[in-house]
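**Student:** One structure coming up, written as structure tokens, with questions to follow.
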Amino acid sequence: MQSDPQTETPASQRHPLEFPANVLASVGTVWIFLIMALVVADVIGRDFLDRPITGVAEFSSRSVGAIVFLQLAAAICSNRMTRSDFLLNFIGKRSAKGVVALNVFNAVVGAGLFAALAWIGWSEFSNSWTSNEFYGVQGVYSVQAWPFRGLLVAGSAAGALCYVMSIPGLLKKTGSTGPADDPLGGGV
Amino acid sequence: MSDLGMGGLLIGILVILVLLGIHIGVALLAVGFGGVWLVRDNLDMAIKLFYMSAYNGVADYVFATIPLFVLMGLLVSISNVGKDTFTVAEVLLRKLQGGLGVATVAANTVFAAVTGVSIASAAVFTRVAVPEMVKHGYRTTFATGTVAGSSVLGMMIPPSLLMIIYGVLAEQSIGKLFVAGVIPGFLLAIVFAVMIMMMARFTPGQVFDPQHQSQLLRGRQIEVTLTGLQMVNKLVPIAALVALVLGGLYGGFFTPTEAGGVGAFGALLIALMRRSLGKGKFWQVLHETGSVSCTILILLVAASFYSRMLSVAGVPVAISELVRDAGLGPYGFLTLYIGIVLLLGMILDSSSILLIMTPVAAPIAASFGFDLIHFGVITVLAVEMGLLTPPFGISVFTVKSTLNDPSISVESIFAGCIPFLGAMLAVLVLVCAFPWLSLALI
């Protein structure tokens, strides 16, 4: 286990949206635990009590999609989105301004894409809401789809906002490219 | 512009964006969106595919394996299971030449069966094995190299996050990929162990620090000893987990997702019994699980868009025609592919390489008649070598940052990894040449 990077970050370098982003992420975190409990309950129910729980697979599938968007804002705020800093470190030794420019460019592109996704997702969400869309197998297991479509909109909007709000902080500090000493943040 | 020129341009832009430090998920989405828009000259289609990838890209039961296996690995790491495994291996293998090195490999092999992330192994065994080896007169370069080198076993022996990512991208059964990794994984462990013993025998200067060793010979050492019962006690939790996860998968009782859920639950029980979850640590583990899973899953969302774009643009077909016209046979293609993966491994992390390469390479490999499960094992092995190659070798960085000792340079750890890279290359050649090594158990 790595030590929690957030406890070491001084308040001045924190992302302004860190708290709301962490709240969203916490919902996702609890949701993961819930899926684990559901999967285990299903296995036990099926193998020992001959009573499988219908819909665990369908619910878990949809949930993964929702969890990503719940966690997205926190990943952006805490600078844990996977990136290659090989060239950035190289540039950083020569020109701190170049690194700042690239970081801002990154934030702008990210904000643009997730804002677009939120905008595209909004119409799908409102369709789903008005048409009372369901997913699952009719009569066996079905759940309303709008909460999942809604989470996609909320999560990507929050993500876009986090990218935008990170720009002032990026302009202030020069040199550092983010938590390069945080290996778990670098994906697998 | 031809399909090929367009495809080359898009992949080129992607690599440039990634190198410029754009978040890899964002870069994949941007190139996917721009690619569909330009190639089809159809903004509506780009919008539709973007939304489809975002909403459905990871909404599948197999993707639930990712948070579950991450949770299991973190719970196991926090409850000292890795340390216990190493202690037992140390006591059992001490009499061998280079015994502690072999013990590290052995403990990593067992630990790999309960974790899917190489860097988790690297972090755990840096704390456990490096101080112990240094205390017994091993060179730090060798000790750190051994930990970084044997951490790659975490990805070969199931469960393995890279196998899941590959399986998703190449549309292959993740259960089968897991089983296919078993023999190459153990083969790799055996080659590592034999190599360490040979080095200890024939080039002891590489392995031991002569000054420190002569000091050790003069002073009396107090060795850890364990009774049989103590060893059993230390091994029961991990043995039970391995049996549950691998047995369940291999015996067909569990789908990969169920194995992940049951494994995480088992790991939770172990952590509870060992009282490792006090003082907010449980929340820390859960929080970490969420953020690690999210960074991987968002990459997969983005990659599913990128690979849809590639097939819309006809890139895999165009490249495979090019490869054919160039007169490359299947093995020529394979050599070229491995070469590219190894080069990318020097500058990118493992999941990014898979995300960029698999959608292009898997259809070509299939058209050359490769079994895509076999191809997956080759790919993961080649990608894993990138964990140990400079300038960007994430296992090495993990060892360095976990060790937190300024007297040990990153360069010396990279140097310690070189023999392990050689061993991996040898195993890679064997796996390429003998497909049954990966396909025998399926």
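What follows is calculated from the coordinates using simple rules that are stated; it is not laboratory data. Source: prediction; values computed, not measured. Reconstructed Cβ throughout: ideal geometry from the backbone, glycine too, with neighbour counts over all protein chains shown.
**Student:** Between A:S123 and B:V410, what is the label-point separation in nm under the 7 Å Cα-to-beta-carbon projection?
**Tutor:** In this crude label model, B:V410 to A:S123 measures out at 4.7 nm.
**Student:** What angle, in degrees between 0 and 90 and rounded to the nearest 10, separates the Cα long axis of helix B:65-78 from the longest principal axis of the Cα atoms of chain B?
**Tutor:** Orientation of helix B:65-78: about 20 degrees from the principal axis.
**Student:** If one computes the Cα centroid of the stretch A:151-174 and of the stretch B:220-274, what distance in Å separates the two points?
**Tutor:** If we compute the Cα centre of each part, the gap is 41 Å.
**Student:** For peptide A:115-127, what's the mean number of Cβ atoms from other chains within 10 Å of each residue's Cβ?
**Tutor:** Counting Cβ atoms of other protein chains within 10 Å of each residue's Cβ and averaging gives 3.
**Student:** Only four residue types carry charge here, +1 at the Cβ of Lys and Arg and -1 at the Cβ of Asp and Glu. Report the dipole size of the stretch B:300-428 about the Cα centre in Debye, rounded to the nearest 20.
**Tutor:** Around 140 debye, computed over the stretch B:300-428.
**Student:** Say each of B:D325 and B:A366 gets a label point 7 Å from the Cα, pointing the same way as Cα to Cβ; how far apart are those two points in nm?
**Tutor:** Label at B:D325, label at B:A366, 2.3 nm between them.
**Student:** Normalised by the residues of chain B, what does the relative contact order come to in percent, with Cα pairs under 8 Å and at least six apart?
**Tutor:** Working: 643 pairs, mean separation 117.4, N = 442.
Averaging sequence separation for qualifying contacts and normalising by length gives 27 percent for chain B.
**Student:** Sticking with this structure for a sec: Post the alpha-carbon centroid distance, the stretch B:346-386 to the stretch B:159-177, in whole angstrom.
**Tutor:** 11
**Student:** On a C-alpha basis, how far is the centre of the stretch B:9-53 from the centre of the stretch A:54-122 in Å? Whole number, if you could?
**Tutor:** After rounding, the separation between the Cα centres reads 14 Å.
**Student:** Which aspartates and glutamates have a Cα less than 15 Å from the Cα of A:K172, not counting those fewer than 8 places away in the same chain?
**Tutor:** Correct list for A:K172: empty, as no aspartates and glutamates qualify.
**Student:** Taking the 0 to 90 degree range and rounding to the nearest ten, how far is the long axis of helix B:3-19 tilted relative to the main principal axis of chain B, both from C-alpha atoms?
**Tutor:** Helix B:3-19 sits at roughly 40 degrees to that axis.
**Student:** Using a Cα-Cα cut-off of under 24 Å, which lysines could be cross-linked to B:K95, ignoring same-chain neighbours fewer than 8 residues away?
**Tutor:** Within reach: B:K83, B:K135, B:K234.
**Student:** Within chain B, what's the longest stretch lacking trypsin sites (Lys or Arg not before Pro) that sit in DSSP loops with no more than 15 other Cβ atoms inside 10 Å?
**Tutor:** Longest stretch, sites excluded: B:280-442.
**Student:** Near B:K48, which aspartates and glutamates are there with a Cα under 16 Å away, not counting those fewer than 8 places off in the same chain?
**Tutor:** Straight-line reach from B:K48, under 16 Å: A:E124.
**Student:** In nm, give the distance between the simple-model label positions of B:K95 and A:V23, each being 7 Å from the Cα along the Cα-to-Cβ direction.
**Tutor:** Distance between the two pseudo-spin positions: 6.4 nm.
**Student:** Next question, about the same structure. Specify the angular offset, from 0 to 90 degrees and rounded to the nearest 10, of the alpha carbon long axis of helix B:330-347 from the longest principal axis of the alpha carbons in chain B.
**Tutor:** That works out to roughly 70 degrees.
**Student:** While we're looking at this one, here's another question. Enter the mean number of other protein chain beta carbons within 10 Å of the beta carbon of each residue in B:258-267, as an integer.
**Tutor:** 5
**Student:** With each run of n ≥ 4 DSSP H residues scored as -39500 (n - 2.57), what mean residue ellipticity at 222 nm is computed for chain B after dividing by its residue count and rounding to the nearest 500 deg cm²/dmol?
**Tutor:** One gets -24500 deg cm²/dmol as the mean residue ellipticity at 222 nm.
**Student:** Quote the FRET efficiency, to the nearest 0.05, computed for B:L269 versus B:F202 with a Förster distance R0 of 41 Å and r equal to the Cβ-Cβ distance. Working shown, then result.
**Tutor:** On the way: r = 46 Å, r/R0 = 1.11.
With R0 = 41 Å, the Cβ-Cβ based efficiency is 0.35.
**Student:** Determine the shielding of peptide B:23-35 by partner chains: average, over its residues, the number of Cβ atoms on other chains within 10 angstrom of each Cβ. Numbers along the way, then the final one.
**Tutor:** Numbers: counts 14, 5, 9, 14, 6, 0, 6, 4, 0, 1, 4, 0, 0.
Across the residues of B:23-35, the mean count of other-chain Cβ atoms within 10 Å is 5.
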